[in-house]
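The block underneath contains the structure these notes are about, expressed in structure tokens.
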Amino acid sequence: MEEHGALADDQRPVVAVANRLPLQQGSDGWELSPGGLVTALRPVMERRSGTWVGWDGGDTGIPARLPSMSIDLQGVTLTAEQVNGYYHEFANRTLWPLLHDAVEKPVFERCSWQAYREVNEAFAAAAVEALGRHPQALLWVHDYHLMLVPELVRAALPEQRIGFFLHVPWPAPDLYSRLPWRREVLRGLLGADVVSFHTEGYRRNFVRSATRALPTDVVVRGTTVGHEGRAIATTAGPISIDAAQYAETATSPETAHALAALEAQFAGRTVLLGVDRLDYTKGIVERLLAVELLLERRPDLRDQLVFIQIAVPSRDDVQEYRDLRATVEQTVGRINGRFTQPGTDVPVHYLYRGLPQSQLAAHYAAADALLVTPLIDGMNLVAKEYVVVQHALRRAGVLVLSEFTGAAAELREARLCNPFDVEGLSHLIEGVLDEPLAGRRRRIAAMARRVHQHDVHRWVATQIADIGGQAREPVRDR
Ligand code: GDG
């Protein structure tokens, strides 16, 4: 029986803390931004009530609530200097590359670490304030921008239930050890009750990193880490998409309209597709080089194949991203210069922008193959979206998926590839185009079924249940 008016676990409010508030300026004022996390959390937070804490993006006049959404919003205001140090520098130039296996060299600077700490303190203070308005709430902290928040909130509210989810990979301990502040970050995360990752591999790397960096402060029993007299659960909880909503978009009249236009435009050609934020982790250059090699080897394909790359602008305040954009655009230009046949369309269509969801879905539907070739990627939702759309429209596309994505652990029927082997990738792309349709359809169906079963609503429910879970047996420190 509940005591002292305690709420049942499935009624406890949720306070979510993420880098950005889930809203944007639309033509009629503030509106919900289209991010996946908002879509996922919204039903749960509206049912249980709750507050979303996030950076206000430098905007003033943020409403306490959106008329269309019954979740309270609490903005964290930062100075331009703090944003630069914590976001552009520490989050995007130190942590992002470090956590992505240093595929780009991480930058380590004391002043940006200082800003990261300061901003995490501001987020923790805002979270504590929000928790004051929601007794018995669960706190759910998201991603690498906020890894110190759990410990900071724990210091203020020792009994608070706190969960942390990391949306990106956790690297091997040797790599993680490069971070000059490795102990501080680990202690920050170990302030939570549950620390969760996309895959078992990342979870294991985290536990090994903690044992390595804090040998006298942690004790590990299975998947539980004992630290300062508390037991912290570590879990693998692969994120997903709202599969039903995606299938509905796929079958909407807007999508059908956009698809008809694409099919007319590319009639008679095999369509290859890439969809990514323009990020050096996504393997966009490797993918382009593989297409270039293929067209070099197979002149007959030059006017029979089209590769569409949708590159969503990202982090263009950071030099490495501007350099990547230049390389991608130069490579696209070179391929089209080399292989466009007189009087015919170019082989590579490059869109440097995001598209409305129905147009994106139409591209997924039109693509005979989706090339998902990250050098490393926490999960990759684009792969999941593709199989759901293809299946909803009874199509038989091929998912070419890098083995270095979290998604590869789940989408086992994909054609797995190693994007570091550009030549091998070009042969693999060539081969998949000849695969019989029946097998392709079977693979898409199997993957889509799994994504529908393990959709984002199930992910949220599992995460929240774990955060609210009974206190586990304390593990004594060594
Ligand atoms: C991070 C991790 C992890 C893309 N282009 C358009 C568009 N998108 C949407 C996709 C998808 C989302 O953006 C991208 O998600 P990803 O998972 O592929 O990649 P990241 O942005 O790097 O996300 C990643 C994720 O967090 C979740 O934990 O999977 O590993 O890096 O949903 O649909 N949406 C629209 N137009 C576009 O042109 N509307």
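The values are calculated or read from the model by the stated rules, or taken from the named source; none is laboratory data. Keep in mind it's a predicted model, so treat the numbers as computed, not measured. Methodologically, a virtual Cβ is constructed for each residue, glycine included, from the backbone with ideal geometry; neighbour enumeration extends over all protein chains shown. Just so you know, the surface numbers come from the protein's heavy atoms only, side chains and all, with ligands and any DNA or RNA stripped out. Shrake-Rupley method; radii C 1.70, N 1.55, O 1.52, S 1.80 Å.
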Of all the residues that make up the range 121-136, how many are touching a helix residue (DSSP H, G or I) at 6+ places or on another chain (Cβ under 7 Å) and surrounded by fewer than 23 Cβ atoms within 10 Å (Cβ to Cβ)?
2
If the Cβ limit is 6 Å and pairs must be 6+ apart or interchain, which residue in the range 166-181 that is farther than 12 Å from Leu95 by Cα pairs with which residue that is more than 16 Å from the ligand (Cβ to nearest atom)?
Pro173/Arg208; Pro173/Ser209; Pro173/Arg212
Quick check: is even one residue across the range 338-361 assigned by TED's automatic domain parsing to the domain that holds Gly268, within 22 Å of the chain's Cα centre (by Cα), more than 13 Å from the ligand (Cβ to nearest atom) and surrounded by fewer than 24 Cβ atoms within 10 Å (Cβ to Cβ)?
no
Please go through the range 58-96 and give me each residue that is without any contact (Cβ under 8 Å) to a residue 40 or more places away in the chain and within 30 Å of Glu286 (Cβ to Cβ), ordered by number.
Glu89, Phe90
Out of the residues in the range 279-325 meeting the condition of being open to solvent by less than 30 Å² (accessible area, probe 1.4 Å) and charged (D, E, K, R), tell me which one is farthest from the chain's Cα centre (by Cα).
Glu292
Can you pull out the residues in the range 362-384 that are more than 8 Å from the ligand (Cβ to nearest atom), in a loop (DSSP other than H, G, I, E, B) and either of a type in the set (A, V, I, L, M, F, W, C) or surrounded by fewer than 23 Cβ atoms within 10 Å (Cβ to Cβ) (or both)?
Ala367, Asp368, Leu375, Ile376
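For (1) within 16 Å of the ligand (Cβ to nearest atom); (2) assigned to a helix (DSSP H, G or I); (3) polar (S, T, N, Q); (4) modelled with pLDDT under 95, each residue gets a yes or a no:
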site: Glu3; (1), (2), (3), (4): no, no, no, yes
site: Ala40; (1), (2), (3), (4): yes, yes, no, yes
site: Gly54; (1), (2), (3), (4): yes, no, no, no
site: Asp72; (1), (2), (3), (4): no, no, no, yes
site: Asn92; (1), (2), (3), (4): yes, yes, yes, no
site: Asp101; (1), (2), (3), (4): yes, no, no, no
Would you confirm whether or not the range 217-224 contains a residue that is open to solvent by 60 Å² or more (accessible area, probe 1.4 Å), assigned by TED's automatic domain parsing to the domain that holds Asp316, more than 16 Å from the ligand (Cβ to nearest atom) and hydroxyl-bearing (Ser, Thr, Tyr)?
no
Could you list, in sequence order, all residues of the range 433-460 that are more than 19 Å from Lys384 (Cα to Cα) and assigned to a helix (DSSP H, G or I)?
Leu437, Ala438
